[in-house]
Amino acid sequence: MMESSFIEVYDKFKLEFFRRIFELVREREGSLSAMEAFSIEVIHALHEPTVGQFAEFLNISQSNATYKVNNLIKKGYLIRQNSETDRREYHLILSDKYYGYTDIMRSYVDTVVGRIRKSFTPEEAKQFGDMLDRISNEMMPETDNI
């Protein structure tokens, strides 16, 4: 029961995510391809990674990662910033253009959270939030570097 409910909720978030990506990646100058949209979401989740960290996480070659990053920079979604500790290294910083794009994506989460707050008592909503924090922090060690 819990497994199927969890998968159902996860699938619904994914489907809405995909729907919004495809609304945003219409074929026009400077728009993101679906693969670029997924790449930028990974970069966001990794919190200012280097190109090497991005490549390592996706298990792709450094040259493939560099190609993807350069396209995202050309389209204005990323900025390359020198590392403060090693000037030879660059971190991938999301641009204001990215945040305009992601605000549309995150609005569905806001919608669902608003519905949770309306449907459940404040105590139930807090308990749900605490459970999500525990799931993220304790039960998903595969993503500890995120």
* Have a look at Val109, Val51, Val42 and tell me which one the Gaussian network model of the chain (Cα, springs below 10 Å) gives the largest fluctuation. => Val109
* In segment 65-146, which trypsin sites (Lys or Arg not before Pro) fall in coil by DSSP and have 14 or fewer other Cβ atoms within 10 Å? -> Arg87, Arg88
* Full-stretch length increase - Leu15, Glu138 - with 0.36 nm per residue and alpha-carbon distance subtracted -> 41.7 nm
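Pairs of alpha-carbon atoms within less than 8 angstrom and 6+ residues apart define the contacts here; what relative contact order does segment 35-120 have, in percent? Write out the running numbers ahead of the final one.
Working: 71 pairs, mean separation 20.2, N = 86.
Computed over segment 35-120, the figure is 24 percent.
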* Carbon and sulfur: what percent of segment 60-103's accessible surface (1.4 Å probe)? -> 47 percent
* What Kirkwood radius, in Å to one decimal, follows from the Cα pairs of the chain? -> 17.4 Å
* Computed over the chain: relative contact order in percent, which uses C-alpha pairs under 8 Å that are six or more apart -> 18 percent
* Asked: What shape does segment 87-139 have by the C-alpha gyration tensor, where a ≥ b ≥ c are the square roots of the eigenvalues, rounded means a/c under 1.5, and otherwise prolate means a/b greater than b/c and oblate the rest?
  -> oblate
* Asked: Is segment 33-108 best put as rounded, prolate or oblate by its Cα gyration tensor, with a ≥ b ≥ c the root eigenvalues, rounded for a/c under 1.5, and otherwise prolate when a/b is larger than b/c, oblate when not?
  -> prolate
* At what distance in nm do the modelled label points of Met1 and Asp96 sit from each other, each positioned 7 Å from its Cα along Cα→Cβ? -> 5.1 nm
* Asked: How about segment 1-86: which GluC sites (Glu not before Pro) there lie in a loop by DSSP and see at most 12 other Cβ atoms within 10 Å?
  -> Glu27, Glu29, Glu84
* To do: Would you kindly state how much longer the chain becomes between Gln127 and Arg106 on full extension, computed as 0.36 nm times their sequence separation minus their alpha carbon distance, in nm to one decimal?
  => 5.4 nm
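The values are calculated or read from the model by the stated rules, or taken from the named source; none is laboratory data. Remember, predicted model here, so these are calculated numbers, not experimental data. Quick reminder, even Gly has a Cβ in these numbers, built from the backbone with ideal geometry, and neighbours come from all protein chains shown. For the accessible areas, the whole protein counts, side chains as well, though only heavy atoms, and no ligand, DNA or RNA atoms are used. Shrake-Rupley method; radii C 1.70, N 1.55, O 1.52, S 1.80 Å.
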